[in-house]
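The values are calculated or read from the model by the stated rules, or taken from the named source; none is laboratory data. Not measured: the values here are computed from a predicted model. Cβ: placed from backbone, ideal geometry, glycine included. Neighbour counts: every protein chain shown. Note: accessible area is taken over every heavy atom of the protein model, side chains too, but ligands, DNA and RNA are not part of it. Shrake-Rupley method; radii C 1.70, N 1.55, O 1.52, S 1.80 Å.
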Amino acid sequence: MTSVTPKRTRHVLGLSGGKDSSALAIYLRDRVPEMEYVFCDTGKELPETYEFLTLMEAYLGKPILRLTSERDFDHYLSVFNGYLPSSRMRWCTRLLKLKPFEEYVGADEVINYVGIRADEQREGYISTKPNIKSVFPFREDGITKADVLRILEESGVGIPGYYRWRTRSGCFFCFFQRKEEWVGLAREHPQFFEEAKAYEKTDDESGERFTWRQGETLDELIEKERLRGERGEDAKTARGPRRNLPLVSVFAEDDEDDDGERPCLICEL
Ligand code: SF4
């Protein structure tokens, strides 16, 4: 009778480029030395995210594998007849983030480490694949936002540069952005703002508009925000970059939401 060697369980931590998954990687570096670190790269990420991943690799002493989809965003956009992804149709997360992750895992038994904190009520990406078991060390260990900040600061890694003007990781054109974050994108990365604008279209026959934000184009948003700024309305929206703020101030606002909706954890955490 031939003996069958039991399959080794793999340990995988998906980094989003955000603070919580990064802090979790730092927190677990020495506890789970066999950890595999991955980043699902849509090809539409912010440069600050890539810079931060390089810093994280230096701290972790291991590469962070970039997982990409076989086909890119533009391909899928044409498959969806030009319908930009939205909170109701998150095809981008499914095809450009979740699918590459599940393909990478394959049929292996995997423990997937998720950085949901003890002080937040949210559901994680819980794969329906029976071979992927998600665990939540921060929840189990009572780690809160203040602890996450401390972990990042004490490691010396700090936070990604985009937190100066944006509250979340993810694609530069993410439709979950708040108005002021679109304004921040236009200011910080005008070329990406133009690229995001170029995806907005109007159907010549039906007049239907395909826009990142419901009911307004990015040009319209910027013009409205400019006028509001001129009138001195809504200082929060019109604010400039948040340079030189302590971490605790930068993160104070990141749980506020325009509409209560948040991106999937694999994009944002
Ligand atoms: S960050 Fe936003 S746009 Fe990018 S995949 Fe996630 S939900 Fe989609």
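Would a scan of segment 27-36 turn up a residue that is more than 19 Å from Leu149 (Cα to Cα) and under 16 Å from the mean Cα position of the chain (by Cα)? No, there is no match, as no residue in segment 27-36 is more than 19 Å from Leu149 (Cα to Cα) and under 16 Å from the mean Cα position of the chain (by Cα). Cβ separations smaller than 9 Å between residues 6+ apart or across chains give the following pairs from segment 82-93 residues that are closer than 24 Å to Asp204 by Cα and more than 8 Å from the ligand (Cβ to nearest atom) to residues that are open to solvent by less than 70 Å² (accessible area, probe 1.4 Å) and among the aliphatic types (A, V, I, L, M): Tyr83/Leu77; Leu84/Leu77. Meeting the requirement of 1 or more residues that are open to solvent by less than 20 Å² (accessible area, probe 1.4 Å), more than 27 Å from Glu51 (Cα to Cα) and at pLDDT below 95, no helices (runs of 4 or more DSSP H) wholly within segment 78-181 can be named. Only residues that are in contact with a helix residue (DSSP H, G or I) (Cβ under 6 Å, 6 or more places away or on another chain) and at positive phi were counted across segment 163-214, and they come to 1. Identification of helices (runs of 4 or more DSSP H) wholly contained in segment 191-269 with 2 or more residues that are exposed (fewer than 13 other Cβ atoms within 10 Å of the Cβ) and modelled with pLDDT under 65 yields 235-238, 247-250.
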